[in-house]
Every structure is written in C-alpha cells, then in structure tokens.
C-alpha cells in the first residue's frame, strides 16, 4: 500500500507541474532528487532528462528501462484535484505515469541492488512528443553503451487495468510529416480570371491525397495519410497568392513509406500543373517504426505472465501512432509493451480530458522489475526464479 501511495504522489506532482519537450528542467530536477533519496546517483541526460544507474560498477549484463517525461501543449480540461497548474500544458498521454512507474522500479531495485545480477540503466527521457525526439540525445550521449536490452512501456487507453498487450514485429508506425506550399497568383476576389487561386488548388490536392491509401497502396498494408492544416489568405476579398498544406503519413514498411512520399509529390505537382500553379513539396521522415524482436517479446511475456497471469496477456493491435522508442532499434535490442490503463474514462490519448487508472502503475512496476530479472538472466546473469519487487 505504501508503494501505491508513493506512485500516486509522484504521478500527481508531475501532472500538476507539466513541462513541454526539452523544457523539462523542473521535472528533471525532481526526478534527480527522488533518485538521490533512494541512494541512486542521478546523472544529467542533457539537456533536460535524467539517468539513474543501479550497480554502475558491476560487470556483466546490462539492461536499460526508458520512461518519457514531457507533456503536451494543450489545456487540461479535467476537473480533478491534481489538474495541471500550468496554463496550456498538460500530461494528456500518460508520460507522468511512465515516469512514476520508473521511479517505482528504481526504488524496488535499489532496495535489493545486491541481488541484481548486472547493471540497470534507468532513462528518464525528455521530448518524446517532439521530432526529432529525446531518444537521439540518449544515443548521442552514450547511455546505451554496453547495454544488452532496452525496454519501455506505454499506459494504454482501451486496454483494461490488469491486462498487458504485446506483439512481435511492427507495433507502432513510422511517423512522418509533409508540407506542400502552393504558389498561385494573387488578385481581387471579383476578378478570378486574372488570378490562379491557391486555395482552390490546395483543396483539390487535399481531395486527391485521399486516394493515396485507398488506391495506390496494397489494401493489406496498414497506412494512413491525414491532412491536419491548411493555411492561406489574408482577407475575404483577396485571392490568396499562397496556400500551405500540412499533414502526416504513417506506415510500417520501408516500401510503403517511400511509395506514399512518391504519390504525395506526384499528386501535388500534377494538380498544380493542371491549374497553372507551382508547388514545393517536403516529406520529412520522423520516428521510425517500433518493431519488436521475438526474443524481446518472449522476455516481456514471461515477466507479464508472472505478474498478471497468462489469461491477461493479450496480443496487441498494431498502432499507427508514433513513438521515438523506435530510434533505439539502430543501437540495441529493445522491446515495448502496452499496459492496460482504462477503467471508466473513455477519452483517448492527447484529449484535454485524458486520464488513466492509477492502479495500473503498481502493475507496471512489478512487470518492469520482473523484466529486469528475465533479461539479465537471458544474457548471462545467475538464474533465479520467482518475482522480484516490493509488495503493493
């Protein structure tokens, strides 16, 4: 019970004091103070993250656990005692819970560090919500050097508390964005025949882009293309000289990713040519897909079964959401799971009223502590049975 209380205290403090990507100065300082109180040397993950290491001098296998710590630029609309106290900034994705879970893991491992047969790197990563995200900073600063595995989790709306979902292969998508700048010819709204209407052209492009997924891609290949922004015009009676269209495209495979980019460019250029306009097209690749290796899923599954039981370990659906955890694929073996976090609230991630069931955090702690044991045993530590961790 004491651990559950601490998890809630950590989470609610973070929820009330959210900070945006690469602005998590107070959050990082708070994490470092809490790690220090556990006897864990806290180190700075530049510019705004934190790292704690269990058994920093121990030789042999090493495992990393990662939590993201940043919030989103939106107004918290929940009416709860722990509502965000920062205008226009809120933890509406669960990162406050992820951070609290990793602090709970730190506390559990620190209490029995002599039994941990290796080194455990606790990564409190900034800027998951920004591209390029904070995962690059972790890699650049060498925090994964000598690490055999890195694991992460995400509290997930839509999965009930007490359940876990995981799968091997692609789990989350390549998360990319595009920008189309349409150049027309401005003029008076009463004399359109002297102009090239960039708004009309942009609207035609948006309509045509809807055919990319439905007509250019294999219908068995998951993908999505969404237009999120159209900016044009300065007055009601002026035909806009320029219009800007922005959106995102998501995919799992390299081939699909490239084909979507090709079709965006072909459609934009073709529509503009048909209307006498010109355009510039930029396709910006963001987070790579999160692809779980079978061996990593087996480690996660063994740990989860010991904590929640076999019947509550589900096969995860693929998500076209993005996660910068995918960057770790370039460096080290890694695996990612979804932790059930829904009780009664139905608001999705990134909604102003998003919340999660706080009971899920203790389950997350137990699973990750067990993951450490399973992974260290897997790569050469002394074998041990049963469950680690503190009782709730």
Checklist outcome for this item: Condition set outside any helix (DSSP H, G or I) and in contact (Cβ under 8 Å) with a residue 24 or more places away in the chain, scope the range 87-102, selection surrounded by the fewest Cβ atoms within 10 Å (Cβ to Cβ): answer is 89
Checklist entry - Does residue 46 fit the bill of being more than 22 Å from residue 296 (Cβ to Cβ) and free of Cβ contacts under 8 Å to residues at least 60 places away in the same chain? => result no
Next on the checklist: Looking at the structure I just gave you, is residue 158 surrounded by fewer than 16 Cβ atoms within 10 Å (Cβ to Cβ) and at pLDDT below 95?
Outcome noted: yes
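Kindly evaluate residue 162 against the criterion of being over 12 Å from the mean Cα position of the chain (by Cα), free of Cβ contacts under 8 Å to residues at least 24 places away in the same chain and in a loop (DSSP other than H, G, I, E, B).
Details: over 12 Å from the mean Cα position of the chain (by Cα): yes; free of Cβ contacts under 8 Å to residues at least 24 places away in the same chain: no; in a loop (DSSP other than H, G, I, E, B): yes.
Here the answer is no, as residue 162 does not meet what is asked.
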Checklist entry - Where residues in the range 361-379 are touching a helix residue (DSSP H, G or I) at 6+ places or on another chain (Cβ under 7 Å) and farther than 13 Å from residue 151 by Cα, which of them is surrounded by the fewest Cβ atoms within 10 Å (Cβ to Cβ)? => result 378
Checklist entry - If you go through the range 346-360 one residue at a time, do you hit one that is touching a residue at least 40 places away in the same chain (Cβ under 8 Å), in a helix (DSSP H, G or I) and more than 20 Å from the chain's Cα centre (by Cα)? => result no
Next on the checklist: For the condition under 15 Å from residue 361 (Cα atoms), surrounded by fewer than 24 Cβ atoms within 10 Å (Cβ to Cβ) and out of contact with any helix residue (DSSP H, G or I) (no Cβ under 6 Å at 6 or more places or on another chain), what is the one hit in 140, 107, 79, 129?
Outcome noted: 107
Checklist outcome for this item: Being buried (at least 18 other Cβ atoms within 10 Å of the Cβ), assigned by TED's automatic domain parsing to the domain that holds residue 325 and touching a strand residue (DSSP E or B) at 6+ places or on another chain (Cβ under 9 Å) narrows 295, 277, 268, 304 down to just 304
Checklist entry - What number goes with the only condition from (1) more than 14 Å from the chain's Cα centre (by Cα); (2) not in a loop (DSSP other than H, G, I, E, B) that residue 156 does not pass? => result (1)
Next on the checklist: Restricting to the range 275-298, name every residue that is in a loop (DSSP other than H, G, I, E, B), within 22 Å of residue 171 (Cβ to Cβ) and out of contact with any helix residue (DSSP H, G or I) (no Cβ under 7 Å at 6 or more places or on another chain).
Outcome noted: 293
Checklist outcome for this item: Checking 138, 80, 105 in turn, the sole residue that is part of a helix (DSSP H, G or I), assigned by TED's automatic domain parsing to the domain that holds residue 14 and over 19 Å from the mean Cα position of the chain (by Cα) turns out to be 105
Next on the checklist: What's the total number of residues in the range 203-253 that are in a strand (DSSP E or B) and in contact (Cβ under 8 Å) with a residue 24 or more places away in the chain?
Outcome noted: 17
Item to check | Filter result (in contact with a helix residue (DSSP H, G or I) (Cβ under 6 Å, 6 or more places away or on another chain), in contact (Cβ under 8 Å) with a residue 60 or more places away in the chain and either farther than 30 Å from residue 250 by Cα or not in a strand (DSSP E or B) (or both)) within the range 176-199 | outcome: 184
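The values are calculated or read from the model by the stated rules, or taken from the named source; none is laboratory data. Worth saying up front: this structure is predicted, and the values here are computed from it rather than measured. Heads up, the Cβs are rebuilt from the backbone with ideal geometry, glycines too, and the neighbour counts pull from every protein chain shown.
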